[in-house]
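Report on the following structure.
The values are calculated or read from the model by the stated rules, or taken from the named source; none is laboratory data. Only a predicted model underlies this, so the values are computations on that prediction, with no experimental measurement involved. Ideal geometry is used to build each Cβ from the backbone, glycine not excepted, and the neighbour counts take in all protein chains shown. Just so you know, the surface numbers come from the protein's heavy atoms only, side chains and all, with ligands and any DNA or RNA stripped out. Shrake-Rupley method; radii C 1.70, N 1.55, O 1.52, S 1.80 Å.
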Amino acid sequence: MSAAQHPIAARASIPKHGPGGPSHGPAGRMMPGEKPRDFKGTMGKLLRFMGRFKGRIALVVLFAVGSTVFNIVGPKVLSEATTALFDGVTAKVAGVGGIDLDLIFRILAATLALYLFSAACSWVQGWVMSYVSQATCYRLRQAIVAKIDRTPFGAFDKESTGDVLSRITNDVDTLGQSLNQGLTQAITSTTMVVGVLVMMLSINWLMTLIALVMVPVSVVLVMLVVKRSQRYFFAQQALLGQVNGIVEETFSGHAVVRAFGREDATVRSFAATNEQLYEAGWKAQFLSGLMQPVMAFVGNLGYVAVAVSGAFLAVAGTITVGDIQAFIQYVKNFTQPITQLAQVSNVLQQMAAAAERIFAFIDGPELPPEQPQARTADVRCDVEFDGVRFGYDPDQPVIRGFTARVAEGQTVAIVGPTGAGKTTLVKLLMRFYEPQAGAIRIGGVDIRDFARDDERSLFAMVLQDTWLFNGTIRENIRYGRLDATDDEVVAAAKRACVHHFIATLPGGYDFEVSEGATNVSAGQRQLLTIARALLADRRMLILDEATSSVDTRTEARIQQAMDNLMAGRTSFVIAHRLSTIKGADLILVVDHGDIVEQGTHSELLALGGFYAELYNSQFEDCRDET
């Protein structure tokens, strides 16, 4: 199975939290009332992002204008039929003529042709615009997922998973819908306003001036509504992301919520954010909905003024009845696009709010560009930590001046109390984070001189936070090496002592692991990740509490497989059960980010220091030290 065919190959691995845990609670969240920071700049970025579609956008503009122009000319042509009918009836009543039906039919046929051409142009521009909007959404999702892979792990420390997902789903969908509606509507409405104005002037300039008196009133009302609704649309999008984040976190931790009886507190927390979303949402929609009745009122005033003035002009003989009918229709067509432009302004504000959140993520911090100067193909697998210093907060270092040497093929155990920096060392070794001082070298080469993917290809990992994706057992194990055969997958499972368990599942290796792997136990998940690491067969190993979730009997069986696997490989083992690392070639005892002791198990016990205290404490009776 190729990487492209693998079910996880197209997915983004989104870290749920950094070292500080997930981003819970209202702290740091955007509150209702905040306006888009840079409307013009955001729209400029969106237009540049859509640059590859400029040819299709030009087609949209062309056909949208064509559709509108044909629509505009229709009433003027139809007015000639009205005039011909009126003149024919008048002549027939006076006994001096009759109705010219042939002329009327020709005019009606021409009008029908105009409207058919208008509909055809509208269909083409709608089809092209739908492609442009959906292709833009596709590229935005691709850009977000690619950005996730380029984003430093630390950037996710303050981002909830739900909010990141909301940018990929809700914000992109909002942008796509707004783009599809807004751009086309803006083009057609603008063309309609200009075209109708020209046609009204061609009929009668005085009536046109009377109709235009209503425009300033409309513009003032639109500006007042838009100014107030703009901020609520942005708040609505931001709060929707927060709601998604809370739901995702609560759902993924539902068992914990129930176990600690926090259902009511969780509901109250959600209700507070949901209340903010409700407030922002109804205000945005209410203010947006005011456009229609306000503009309808202004339009009706225009109809009355035009009808009265047209009647006086018709009596004076300066305008025909057909022109009055066409003019009234043009007045309607003039106020309608103004109303639509007002609505488009709201759509654009909503689109800008969504686009701003998307581009804020896309333009966020990235891993520094790589200029690899070395390859790992022939490098020795000895490791040197040279004065490494690191802190998730630079002002609060977790590791201070860490220095150690690990020979090729050695099994090195890293032990120490919780929070001492053991797992952080592994993250630095894998370049999930970069040290703020000092260097880490593999084979004498600074790991920053390797490409990240190349350097990581040296390691197989089994972490205490087991991760399985929604797929079959076979696919989850094969993730360690995508070109592995079924026999190799089974062999790895047997070495990890998980084959018997898999055989008892319905479907065996084709058993479907649910999302979050909730249909297998924690210990079984850990065994499957061990099988994955065994299948990968890398030159170096990282085992972070690799047997913490298995029983002691299974642990003993796995330990033998681990010993065989680690033979001849440089291995880093992090363990709280010190009995599992007694055979390590070197034990590094870490406390507060520094090596306080190092040596073999027997040497450190004989020393009677910090390690001996840790080791012996595991066999003492638990005492209440309240």
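See the values below:
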{"read-out": "Candidate set from the stretch 221-265 (those that are small (Gly, Ala, Ser) and closer than 30 Å to Ala353 by Cα); member that is most open to solvent (accessible area, probe 1.4 Å)", "value": "Ser252"}
{"read-out": "Among residues of the stretch 159-191, those that are outside any helix (DSSP H, G or I) and under 16 Å from Gln236 (Cα atoms), counted", "value": "0"}
{"read-out": "Every pair of residues 6+ apart whose Cβ atoms lie under 6 Å, when the first sits in the stretch 581-604 and is touching a residue at least 24 places away in the same chain (Cβ under 8 Å) while the second is surrounded by fewer than 16 Cβ atoms within 10 Å (Cβ to Cβ) and in a loop (DSSP other than H, G, I, E, B)", "value": "none"}
{"read-out": "Flag for Tyr115 being at pLDDT 75 or above and open to solvent by 80 Å² or more (accessible area, probe 1.4 Å)", "value": "no"}
{"read-out": "Condition broken by Thr485, with the remaining ones in (1) modelled with pLDDT of 90 or more; (2) surrounded by fewer than 21 Cβ atoms within 10 Å (Cβ to Cβ); (3) within 19 Å of Arg525 (Cβ to Cβ); (4) among the polar types (S, T, N, Q) satisfied", "value": "(3)"}
{"read-out": "Verdict on Val217 being touching a residue at least 12 places away in the same chain (Cβ under 8 Å) and open to solvent by 50 Å² or more (accessible area, probe 1.4 Å)", "value": "yes"}
{"read-out": "Residue ID - nearest to Ser130 (Cα to Cα), chosen from residues in the stretch 171-193 that are open to solvent by 50 Å² or more (accessible area, probe 1.4 Å) and at pLDDT 85 or above", "value": "Gln177"}
{"read-out": "Among the residues listed as Arg448, Arg389, Arg431, the single one being in a strand (DSSP E or B) and either in contact with a helix residue (DSSP H, G or I) (Cβ under 9 Å, 6 or more places away or on another chain) or among the charged types (D, E, K, R) (or both)", "value": "Arg389"}
{"read-out": "Among (1) open to solvent by 50 Å² or more (accessible area, probe 1.4 Å); (2) farther than 30 Å from Phe334 by Cβ - the single one Ala280 does not satisfy", "value": "(1)"}
{"read-out": "Residue that is within 30 Å of Asn204 (Cβ to Cβ), surrounded by fewer than 21 Cβ atoms within 10 Å (Cβ to Cβ) and modelled with pLDDT under 85, where the choices are Thr318, Thr335", "value": "Thr318"}
{"read-out": "Selected residue (criterion: least open to solvent (accessible area, probe 1.4 Å)) from residues of the stretch 415-428 that are more than 13 Å from Asp594 (Cβ to Cβ) and among the hydroxyl-bearing types (Ser, Thr, Tyr)", "value": "Thr423"}
{"read-out": "Single match in Val383, Val388, Val412, Val462 (criterion: crowded, with 19+ Cβ neighbours inside 10 Å, in contact with a strand residue (DSSP E or B) (Cβ under 7 Å, 6 or more places away or on another chain) and at pLDDT below 85)", "value": "Val462"}
{"read-out": "Counted residues, the stretch 490-527 - those being of a type outside the set (Phe, Trp, Tyr), over 30 Å from the mean Cα position of the chain (by Cα) and on the phi < 0 side of the Ramachandran plot", "value": "20"}
{"read-out": "Complete set of residues in the stretch 129-162 that are open to solvent by less than 20 Å² (accessible area, probe 1.4 Å) and farther than 29 Å from Leu62 by Cα", "value": "Ile144, Lys147, Ile148, Thr151, Phe156, Ser160, Thr161, Gly162"}
{"read-out": "Residue that is least open to solvent (accessible area, probe 1.4 Å) [pool: residues in the stretch 583-600 that are more than 25 Å from Gln559 (Cα to Cα) and either of a type in the set (A, V, I, L, M) or touching a helix residue (DSSP H, G or I) at 6+ places or on another chain (Cβ under 6 Å) (or both)]", "value": "Ile595"}
{"read-out": "Test: residue in the stretch 591-614 that is hydroxyl-bearing (Ser, Thr, Tyr) and at pLDDT below 85", "value": "no"}
{"read-out": "Condition met for Phe450 (out of contact with any strand residue (DSSP E or B) (no Cβ under 7 Å at 6 or more places or on another chain), buried (at least 16 other Cβ atoms within 10 Å of the Cβ), among the aromatic types (Phe, Trp, Tyr) and under 25 Å from Val573 (Cα atoms))", "value": "yes"}
{"read-out": "Any hit, the stretch 359-370, residues being closer than 30 Å to Leu290 by Cβ and in contact (Cβ under 8 Å) with a residue 60 or more places away in the chain", "value": "yes"}
{"read-out": "Any hit, the stretch 521-544, residues being modelled with pLDDT of 85 or more, hydroxyl-bearing (Ser, Thr, Tyr) and not in a helix (DSSP H, G or I)", "value": "no"}
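So that you can scan it fast, the table gives a plain yes or no per residue for (1) among the hydroxyl-bearing types (Ser, Thr, Tyr); (2) without any contact (Cβ under 8 Å) to a residue 24 or more places away in the chain; (3) part of a helix (DSSP H, G or I); (4) open to solvent by less than 60 Å² (accessible area, probe 1.4 Å):
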site: Gly41; (1), (2), (3), (4): no, yes, yes, yes
site: Arg56; (1), (2), (3), (4): no, no, yes, no
site: Val65; (1), (2), (3), (4): no, no, yes, yes
site: Val69; (1), (2), (3), (4): no, no, yes, no
site: Lys76; (1), (2), (3), (4): no, no, yes, yes
